[in-house]
Amino acid sequence: MRILSVIHGENARAGVFGEEVVAEGHELEEKSFALGDPPREIEAYDGVLVLGGSMNVHELDGHPWIPDEARLIERALETGVPVFGVCLGSQLLGAVAGAQVSRAPEPEIGWFDVQTTTEAPFDPVFRDLPERFTAYQWHSYQSELPVGATALAQSSVCLQAYRLGDAAAWGTQFHAEVTRKICESWIANYDTDPDAVAQGFDPEAERARVAEEIGRWNELGRRLMRGFLEVAAERSGAEPARATA
């Protein structure tokens with residue numbers, strides 16, 4: 001299969017999601033509206049990952065490509081190409097589905113507790129996740145649950161994961177894709193985020209926490225991506241790469 005990874009910055013790539021795509025024997029194609037390298041028509045792909053970024057859905061003046069990316073997501077939903085949105089990607093997916101995207105009651109930057117809903121064990125992507133886990137976060141905005149969507153996870157602050165109706169489309173507010181290298185990059189540049197500065201972000205404490213948590217967290221990310229790839233393979237008629245191993 002060919003999986004499209006839509007990125008919005010050099011330090012916000014597919015991480016362990018991309019590693020899992022390649023490990024399963026599939027092709028990962030990285031493209032970016034934000035960086036002036038848009039993807040091909042959506043029909044060229046068997047699945048789409050829409051990753052995070054420092055911009056927000058409403059910031060069209062500084063990011064005029066956002067409507068083009070929203071149309072790509074809309075086209076994926078129309079044609080049945082599976083979508084997995086992360087943070088900004090989840091908010092874009094929610095906005096395309098008619099949900100309101102707004103500032104969260106408070107930023108979640110660092111590690112925060114998340115609880116899955118009673119629907120998660122029946123979801124093809126979330127069924128292998130624990131009932132509670134500590135998730136890596138870096139966001140100040142949130143998406144409401146789109147009409148007809150199923151909530152799959154929640155924190156004390158906001159919706160953390162959902163599936164769009166019967167569509168093969170998922171959004172997560174938490175960053176299950178991050179590697180230690182990606183986290184280190186974000187930590188090194190924390191002072192570019194006013195919300196991180198305002199909450200007294202401690203880079204040394206955060207580096208220590210990442211070192212402690214990242215192995216467990218990466219395994220959870222791989223579980224999510226394996227579930228997503230199984231859905232994409234079923235939709236495309238492809239055989240999962242490890243099914244015959």
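The values are calculated or read from the model by the stated rules, or taken from the named source; none is laboratory data. Source: prediction; values computed, not measured. Every residue, glycine among them, receives a Cβ derived from its backbone with ideal geometry; neighbour counts consider all protein chains shown.
Among the residues of region 40-57, which ones are surrounded by 11 or more Cβ atoms within 10 Å (Cβ to Cβ) and either of a type in the set (Asp, Glu) or in contact with a Phe, Trp or Tyr (Cβ under 9 Å, 6 or more places away or on another chain) (or both)? Step through it out loud before you land on a result.
Of region 40-57, the ones surrounded by 11 or more Cβ atoms within 10 Å (Cβ to Cβ) are 40, 42, 44-57.
Correct list: ASP46, GLY47, VAL48, LEU49, VAL50, LEU51, GLY52, ASN56, VAL57.
Would you call PHE228 aromatic (Phe, Trp, Tyr), touching a helix residue (DSSP H, G or I) at 6+ places or on another chain (Cβ under 7 Å) and either farther than 20 Å from VAL114 by Cα or part of a helix (DSSP H, G or I) (or both)?
Spelling it out, it is not the case that PHE228 is aromatic (Phe, Trp, Tyr), touching a helix residue (DSSP H, G or I) at 6+ places or on another chain (Cβ under 7 Å) and either farther than 20 Å from VAL114 by Cα or part of a helix (DSSP H, G or I) (or both).
Is it the case that some residue within region 52-61 is aliphatic (A, V, I, L, M), under 17 Å from the mean Cα position of the chain (by Cα) and at pLDDT 95 or above?
Within region 52-61, the first condition is being aliphatic (A, V, I, L, M), and the residues that meet it are 55, 57, 60.
Then drop every residue that is not under 17 Å from the mean Cα position of the chain (by Cα), which leaves 55, 57.
If we keep only those that are at pLDDT 95 or above as well, we get none.
For region 52-61, residues aliphatic (A, V, I, L, M), under 17 Å from the mean Cα position of the chain (by Cα) and at pLDDT 95 or above: absent.
Among the residues of region 1-29, which ones are of a type in the set (Asp, Glu) and not in a loop (DSSP other than H, G, I, E, B)? Steps first, please.
Of all residues in region 1-29, those of a type in the set (Asp, Glu) come to 10, 19-20, 24, 27, 29.
Residues satisfying the conditions are GLU19, GLU20, GLU27, GLU29.
Contact list please: Cβ distance under 8 Å, first residue in region 89-105 and β-branched (Val, Ile, Thr), second residue part of a loop (DSSP other than H, G, I, E, B), pairs at least six apart or on different chains.
Listed by first residue and then by second, the contacts come to VAL101/ASN56; VAL101/VAL57; VAL101/HIS58; VAL101/GLU144.
Can you name the residue in region 64-109 that is assigned to a helix (DSSP H, G or I) and touching a Ser or Thr at 6+ places or on another chain (Cβ under 6 Å) and is also surrounded by the most Cβ atoms within 10 Å (Cβ to Cβ) among such residues?
My answer is SER90.
Determine which member of the set LEU229, LEU220 is surrounded by 22 or more Cβ atoms within 10 Å (Cβ to Cβ) and within 22 Å of LEU88 (Cα to Cα).
Working: LEU220 fails: surrounded by 22 or more Cβ atoms within 10 Å (Cβ to Cβ).
After applying the criteria, what remains is LEU229.
As an exercise: evaluate LEU51 against (1) closer than 20 Å to GLY165 by Cβ; (2) in contact (Cβ under 8 Å) with a residue 40 or more places away in the chain and give the number of the one condition it does not meet.
Result: LEU51 passes all but (1).
Output the number of residues of region 8-20 satisfying the condition of being crowded, with 23+ Cβ neighbours inside 10 Å and farther than 15 Å from MET225 by Cα.
Total satisfying the criteria: 2.
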